[in-house]
Structures are given as structure tokens and as C-alpha cells.
Amino acid sequence: MKHIITFAIALLATLPLYAQNDEQGFVQVTGYASREVSPDEFTLSIEISEGDSKGRHALQEQEQAIVDALEAAKIDVDNNLRLVDNSSDYFRRGISLAQRRYELTLHSNDQLVAAFDALHPLGLSSVTLTKASCSTLEQIRDELRREAICNARNKAQNLAEAIEQSIGACIMIVDYNNDSNTNFSGLAFKRKSNVDYAVITVESPKQFTPEFRSVRIEHQLSAKFELLPE
């Protein structure tokens, strides 16, 4: 019985040492990757209205004018233009003002300029840029994850070599949620700048040059690698 107690005490005494050695067998680092991203997809809100004043065009005429102008600018109307709101407002005199709002999706900066230039002469109620985004954003995030883990491995290897050791398998990865801000603000005009998270009404479309500031997308993770002796 005495020998059993002595053995148990000796075993307990060695546990902190094993734990310490176990911690010394790993290296934990942080991996990081980033990329500058610019918008390549845009949404325009186009509003038309039919009032009671003389010289106003019927909604159908305005719609046809929009379609003709966009097709002349080589923009795919069938797949990228859709009706999102159709309503009427009534004034005290009992006169109805019909209104419709469309959304136009554009897939390049050149298309954005072409659309504004095509719609400007039509005298529409409003043409507003409501969204600017990057169509490959999720693909870029996946690529940054891979770059971040490679960055972590390189860091771990450099640290190991500094103490004449090497790294083995990666035994832990903590992937942080890096939802970077992707509001592409910074749409500038030659004569007027009015930026509000890329939501802007163009008063003089012929005088503007879109200049979007790129957004930095970042990804960070923590990784733990086995530390092996040489």
C-alpha cells in the first residue's frame, strides 16, 4: 500500500512537467491577407412620372424612350432592366400623378457612363445610383483565407528556424469573421462632389466622371503548428 501511494505521488509530480513539455511542442501564429477591391457592378434607380402639365409624356412613351436609348448604348435591357414600383398619387384637385420606378443593373464602369449619357437627354424625373458592389467579392474572400493560412505557415516556419527547429502539421485553425466594409463611396464629379455611401443623384450626368475609391478587404486567422526538433 505504501508503495502504491509513493508511486501515485511521483506520478502527480510529473504531470506539470508533461504539460509544460506539451505546450513547448507547438507554435501559434496569426495569418493575415488583404486586397484592394473596386466595384464592377452598379444599380441605377430610374423614376418616371406623368403629370397634368402640358408637354408631359405618357408613361408608355417614356418607357419606350428609355428602352430605345439603352439599347442604342448596347445595354441588355431584357435581362438588366426591371420594374420595381408602380403607383399613383392623388392631389387635392383630384388629378392623378402616375409614377413608376425601374432598376437597371450594369456590369462595368463603362456601362455606367454609357447609361447616364443615354438617359440624360430624356428629361426623366430621377436617375440615381443606389448601389455599387463587387461581383467577385465572395471568391476574393475565399482566396484571402488561403493566403492568410499560407502567411501563418510562413511565420511559423520562420520562428521555428530561429530556434533550429521545424514545423509539422497544422493542428488548429481559428478563422475570424472579417466582414470588411464594402461601401464603395467616393463617386466624384468634375464640378460637384456629393458622396453618401455611393447613393447619389446625378444632376448633370454629362459632366461627371466616376472615380470610385477602392476598398481594402482583409482576412485574419490564428493557426497552431506542431514544433519539431531538427
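The values are calculated or read from the model by the stated rules, or taken from the named source; none is laboratory data. Since the structure is predicted, the reported quantities are computational estimates derived from the model, not experimental observations. When we count neighbours, we look across all protein chains shown, and the Cβ atoms used for this are built from the backbone with ideal geometry, even at glycine. All accessible areas refer to the heavy atoms of the entire protein, side chains included, with ligands and DNA or RNA removed. Shrake-Rupley method; radii C 1.70, N 1.55, O 1.52, S 1.80 Å.
What the table below lists for this structure:
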| read-out | value |
| --- | --- |
| Per residue value of the accessible surface for segment 95-156 (all protein chains in place, 1.4 Å probe), Å² | 48 |
| Net +/- balance of residues flanking Leu81 in space, Cβ distance below 11 Å, scoring K and R +1, D and E -1 | -4 |
| Cβ crowding within 10 Å averaged over residues, with 59-67, 35-43, 111-119 ranked highest first | 111-119, 35-43, 59-67 |
